Amino acid sequence: MLGSSAPVMVWTPEHTGLFLDHIAEDRLYPLFHLIAFRGLRRGEACGQKWTDTNLDAGLITVAEQLVVEGWEVYADDPKTDAGARTIALGSDTVQALKRHRAQQNKDRKEWESAWVETGRVFTKENGEMLHPANVTRRFIELYEEIDLPPVRLHDLRHGAATLAHAAGADLKDIQEMLGHSSITITADTYRACFPKRAWRLPRPQPGSFRAPAPPLKTPPPRRRPSPTTRSIPARSPCRMMLIRWEEFRRSTLRPLTHRSRKRPRTRGPRPSRSPPWGTNPRAER
């Protein structure tokens, strides 16, 4: 069972190998091979263009998909922003696509003017684009011929995730290959297929999150109580009143040790105590 919605079945690697060996001569073998090993969605595989495929470098860029509405098919952007991605191909997939391109060029010459140029990698024999529903129907016909367990075409995509994990890919690599918008979706989807160590979210890289501030080596010095309140018990009712009074006094009143900044008085000769008009005649008597 994958995810938490509907139960589905995923082929084992042995089942996938039997299926690909059985369809080796089928025209759609490269398409199913690509989905089985690189996990493209059905619409992404059917909408792949040669201009977005670089077989020399072994890379494909998923830039478009075919969407079915009713029975009508139209081209659209990938399902999510992460769906527009570049995927590295294995050597077997590259060789299968090269053989398919050679066969397509041969068909183009045979059909001559009747050839329909769509630029798609996977087409009908006359070049017309494939209908995704017909691809699903052909997939069911092929695996029923050898009595393989019934699965959906989309389950080949799930099988690609398990094969990639078995080859050593981590959860982040699988998310990018499948084009999931979040690594949480990948972990929830393949929780039942991967061991616990595989679907566990990776640790954040250094610098991805702001580290918490280191603790202070030495606590800040505690404010010593003033002599006025030092001798008063901490739970005394009047302690807070005294503390508030001292804070008010420090902020508004002059300190008790304040000294005037007036110029000091200079000492000179002491003035005479006799009145300025002379001696007192009565004092002489």
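The values are calculated or read from the model by the stated rules, or taken from the named source; none is laboratory data. Note that the structure is predicted; figures quoted are calculated from it, not measured. Neighbour counts are summed over all protein chains in view; Cβ atoms, including those assigned to glycine, are modelled from backbone coordinates with ideal geometry. We work out accessible area using only protein heavy atoms, side chains counted, and drop any ligands, DNA or RNA first. Shrake-Rupley method; radii C 1.70, N 1.55, O 1.52, S 1.80 Å.
Points to keep in mind about this one:
- Full-extension gain in nm, Asp92 to Trp71, via 0.36 nm per residue minus C-alpha separation: 4.2 nm
- Expressed as a whole percent, the proportion of Cα-Cα pairs in region 71-130 lying more than 15 Å apart is 63%.
- Mean Cβ count within 10 Å, highest first, over the residues of peptides 82-93, 102-113, 43-54: 43-54, 82-93, 102-113
- Spatially proximal aspartates and glutamates relative to Lys98 (Cα-Cα < 14 Å; intrachain offsets below 8 disregarded): Asp56
- Amide H contacts of Leu59 (H built 1.01 Å from N, in plane; Pro and chain starts excluded): Asn54, Leu89 sit under 5 Å, all sequence-distant by 5 or more or on other chains.
- Using the alpha-carbon positions of region 42-145, Rg (one decimal) and Dmax (whole number) come out as 14.3, 39 Å.
- Extent along principal axes [Cα atoms of region 1-94; Å; largest to smallest]: 39, 34, 26
- Average accessible area per residue (Å²) across region 41-98 - probe 1.4 Å, nucleic acids and ligands excluded: 51 Å²
- Within the same chain, aspartates and glutamates fewer than 8 places from Lys106 are excluded, and of the rest, those with a Cα less than 19 Å from its Cα are Glu25, Asp26, Glu117, Glu125, Glu128.
- For region 76-81, the Karplus equation 6.51 cos²θ - 1.76 cosθ + 1.60, evaluated at θ = phi - 60°, returns couplings of 8, 5, x, 4, 10, 4 Hz by residue, with Gly and Pro reported as x.
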